[in-house]
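Written below as structure tokens is the structure these notes are about.
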């Protein structure tokens with residue numbers, strides 16, 4: 001262990017949350033090259049370097065250019081899911097270390113909007129929410145790879 005104190009179980013929960021957010025992103029980005037008729041703004045290489053929220057907003061702003069209703073439905077869910085999950089992701093990634101209830105944790109402090117600890121319970125709830133969105137995204141999936 002280095003000079004920064006941390007709880008291994010807590011950091012594992014942080015990592016799990018961050019991973020499921022990245023997984024949701026890839027549920028969307030990974031399918032884009034397999035879909036026909038998308039506008040050039042939704043090209044994988046144009047979106048790959050963007051943040052979660054930027055990907056969602058970009059997709060949302062180009063939905064009207066998508067002709068296939070099933071693809072548009074899937075993309076609309078992607079836009080909503082990524083945009084809304086971006087707020088949760090940002091709470092974690094922009095939080096600062098703090099001691100809360102005699103425990104090292106992250107604390108989201110963004111006056112005047114937010115001030116709360118990123119607790120184990122918060123991480124569990126948010127991870128479950130993102131996993132629910134992954135399930136929704138996969139349920140609407142248009143591209144189904146062949147085994």
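Summary of computed values
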quantity: In segment 1-16, the residues that are surrounded by 12 or more Cβ atoms within 10 Å (Cβ to Cβ) and assigned to a loop (DSSP other than H, G, I, E, B); calculated: 6, 7
quantity: Among (1) exposed (fewer than 15 other Cβ atoms within 10 Å of the Cβ); (2) modelled with pLDDT of 95 or more; (3) over 13 Å from the mean Cα position of the chain (by Cα) - the single one residue 19 does not satisfy; calculated: (3)
quantity: Residue list for segment 103-120, restricted to those being under 19 Å from residue 12 (Cα atoms) and assigned to a strand (DSSP E or B); calculated: 103, 104, 105, 106, 107, 108, 117, 118
quantity: Subset of segment 22-50 (residues that are part of a helix (DSSP H, G or I) and crowded, with 16+ Cβ neighbours inside 10 Å); calculated: 24, 25, 27, 28, 29, 32, 42, 47
quantity: Cβ-Cβ under 7 Å pairs, at least 6 apart or on other chains, segment 38-50 side without any contact (Cβ under 8 Å) to a residue 12 or more places away in the chain and at negative phi, far side outside any loop (DSSP other than H, G, I, E, B) and surrounded by 14 or more Cβ atoms within 10 Å (Cβ to Cβ); calculated: 50/58
quantity: Residue in segment 108-129 that is surrounded by 15 or more Cβ atoms within 10 Å (Cβ to Cβ), under 15 Å from residue 32 (Cβ atoms), in contact with a helix residue (DSSP H, G or I) (Cβ under 7 Å, 6 or more places away or on another chain) and free of Cβ contacts under 8 Å to residues at least 60 places away in the same chain present; calculated: no
quantity: Segment 51-102, residues that are more than 24 Å from residue 122 (Cα to Cα) and outside any helix (DSSP H, G or I); calculated: 62, 66, 67, 68
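The values are calculated or read from the model by the stated rules, or taken from the named source; none is laboratory data. Fair warning: this is a prediction, and the values are worked out from it, not measured in the lab. Neighbour counts run over all protein chains shown; Cβ positions are idealised from the backbone, glycine included.
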